[in-house]
Amino acid sequence: MKLKTSITSIALGVVLAALGVCALVESPSAAPAPPALLLNAAGATFPYPIYSKWFTEYNRIHPDIQINYNSIGSGGGIRQLQAGTVDFGASDAPMTDQQLSQNKVPVLHFPTVLGAVVPTYNIEGVNQDLNFTGEALANIFIGKITKWNDPALASINSGIKLPGTDIVVVHRSDGSGTSFVWTDYLSKVSKDWETKVGRNTSVNWPVGLGGKGNEGVTGLVKQTPGAIGYVELVYAVQNKLPYGQVKNSAGAFVKANLAGVTAAAASESKRMPADFRVSITNASGKAAYPICSFTYLLIPTKIDDPAKKNAIKDFLHWMLTDGQNDAESLSYARLPKDVVAREIKAIAQIN
Amino acid sequence: MASAPITVERVGFSRRTRQFIQQLRHGDEVAHLITLLAASSIIVVTVMLVYQLYINSALPRHKFGFGFFVGRTWDPVSGDFGALPFIYGTVASSALALLVAVPLGVGAAIFLSELAPSRISNSLTFVIELLAAVPSVIYGLLGIFILVPVLRKVVEPFLKSTLGFLFLFQGPMYGVGMLAGGLVLAVMIVPFIISVSREVLLAVPVEQREAALALGATKWESTWQVVVPFARVGIMASVFLALARALGETMAVTMVIGNDPKISASLFAPAYSIAAVIANEFTEATGDLYLQALIELGLVLFLLTILINGLARLVIIATTQKGTQAQ
């Protein structure tokens, strides 16, 4: 008897729960017209805030098109694109030739916005912005410079009294586009770094502690006296972290800001290849901030469904024109004008 | 086989079939099938898991062979992968956690089951079970904001000045590192040890205690020399459950262990664990060899767990045959 009652109540519960789920699923999509077209995308986490804003806003203008973005990381985005489980991908670092050759359909790179990476530090008694050269940063991260009052640092920071404390290096422990840009820059300015460590989303760090994510690195730097780490500019600005000026290839010490990042991209745009796969770290030009990069949408050149194809092409066009105006409010650097012009031409390659 | 008396006699069915139908009617056979299905699903999942890990780690298995287990470099740029620093970090941090958590957990369980008034015991047990349900990222956050600064400013300098002659307590003090990882793990697994051990101790028959007391033992003598040995197997089981949790813990460990794949003797030095590196690097691992090396690490962690659980079984078998029978 007791058993029967409990079975009945369980069955009742299951039915009620199912009804509830149905109601939950149905009510939001039933009220507005159901989207005629759903696009799936996946990839980089760094541009997620602006992508999510773009996709929401684009959906507001075109209620029949909904873009679903999963910020699972660049690696995951590339893999899902190759497997054909998403309509397009997103990545911080451009795909390598080997990765491109594994695609059934050729893939186009569309730069969307720019991001920068800044050195942040915690030195007791130092409140001014420190100056860094690429060489000095590489030597700190390789373990050759171990004290803050090292002559290599003291000579470029005259007027600041640097203590003789140990430098504690902090790097990202998770694979990330931020690490890629940072190691790409260090590889360009230091032969030593390039041969011993190299560039990647995660590398075999010679020294230091690993923090998970921007927040992990920041937490360690803030807590550890004498620490130096690197974080995205967006993150440093929003959390009011101190960050240093870096000497660019023209010899000027530049403090990272959005204009400096766009300037770096503009100065490199002439030697940019047709497929936009280019590293813009250590860019030339007096105003250019040297540690920055594009982040990309990865679009297949051939899209079978004509409705999807037109939607993607239209979205790209909107993103490159109206969409760019959203960048600065979210602390991303907008694309230089001539890059936008070239990308708009490249949209025609999708068919 | 439970044999129900057979009353239905029909021509054309064999005895076995009739028996089966009979049992089907009583529900025995149905229950048997359903529970069998439940049990075999576990085997199926395990086999599928190992198969997938094995298949998807073909590249590094062929390239490095056994060298994967003893390699000490983890270099995604040059494609050179070795698991030893991660194996060391996983085992050492879990061992350190057990070293702290077992005396604490068993001690607390003895107090709760034997010595504390039942009102206190019940309310404390409720709190402990709450602790077991706290998500690990919360433990990690507490670790990074509370434990790590205390370790760096107070505990590690103290250990260095008093026990600094030992290789365990040398080198620079960052706060994060093996010691922090082990301690956070210890805090996380203590609730499991207390909760299970307390149940086991409570299950020891009252007669055992009464017999000891009747022979003139004090309360503590009866607890330590009769009740605890009686419950030994169960207590050990709680420890191994906790160990399994510690080996596979990801989030809390990666937040405080320092994430540096090096093998250092010092507890102050940063280290890395298998679960942590997989979680950290999987999303952005783009090359095939790199990705598969991470999957092979998953296989290694699986093997490590099997090995340690196997040893645990052996310990339990050896001690039950020798000592008092439990339950």
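The criterion of at least 1 residues that are within 14 Å of another protein chain (Cβ to nearest Cβ) and among the hydroxyl-bearing types (Ser, Thr, Tyr) is met, among helices (runs of 4 or more DSSP H) falling completely within segment A:182-262, by A:191-196, A:213-223. In the set B:118, B:113, only one residue is closer than 30 Å to residue B:206 by Cβ, surrounded by 21 or more Cβ atoms within 10 Å (Cβ to Cβ), over 16 Å from the mean Cα position of the chain (by Cα) and not aromatic (Phe, Trp, Tyr); that residue is B:113. Looking across segment A:302-319, the residues that are surrounded by 14 or more Cβ atoms within 10 Å (Cβ to Cβ) and either outside any helix (DSSP H, G or I) or in contact (Cβ under 8 Å) with a residue 40 or more places away in the chain (or both) come down to A:303, A:308, A:309, A:311, A:312, A:314, A:315, A:316, A:318, A:319. Among the residues of segment B:264-273, not a single one is more than 14 Å from every other protein chain (Cβ to nearest Cβ), closer than 24 Å to residue B:131 by Cβ and touching a Leu at 6+ places or on another chain (Cβ under 6 Å).
For segment A:250-301, give me the residue count where each residue is of a type in the set (D, E, K, R) and either under 20 Å from residue A:46 (Cβ atoms) or crowded, with 24+ Cβ neighbours inside 10 Å (or both).
Residues meeting the conditions: 2.
Of the helices (runs of 4 or more DSSP H) that lie entirely inside segment B:142-252, those containing 2 or more residues that are within 14 Å of chain A (Cβ to nearest Cβ) and buried (at least 21 other Cβ atoms within 10 Å of the Cβ) span B:178-202.
Quick one: which of A:83, A:116, A:154, A:138 is more than 14 Å from chain B (Cβ to nearest Cβ) and free of Cβ contacts under 8 Å to residues at least 24 places away in the same chain? Reasoning before the result, please.
Numbers: A:83 fails: more than 14 Å from chain B (Cβ to nearest Cβ); A:116 fails: free of Cβ contacts under 8 Å to residues at least 24 places away in the same chain; A:138 fails: free of Cβ contacts under 8 Å to residues at least 24 places away in the same chain.
Criteria check complete, one pass: A:154.
The residue pairs whose first member lies in segment B:67-79 and is more than 7 Å from every other protein chain (Cβ to nearest Cβ), whose second member is β-branched (Val, Ile, Thr) and in a helix (DSSP H, G or I), and whose beta carbons are closer than 8 Å, counting only pairs six or more residues apart or on different chains, are B:68/B:300; B:69/B:87; B:69/B:300.
So, in segment A:159-179, of the ones that are under 28 Å from residue B:253 (Cβ atoms) and part of a loop (DSSP other than H, G, I, E, B), which residue ends up modelled with the highest pLDDT? The qualifying residue modelled with the highest pLDDT is A:167.
The values are calculated or read from the model by the stated rules, or taken from the named source; none is laboratory data. Here the structure is a predicted model, which means the values were calculated and not measured. Cβ coordinates were reconstructed from backbone atoms using ideal geometry, including for glycine residues, and neighbour counts include every protein chain displayed.
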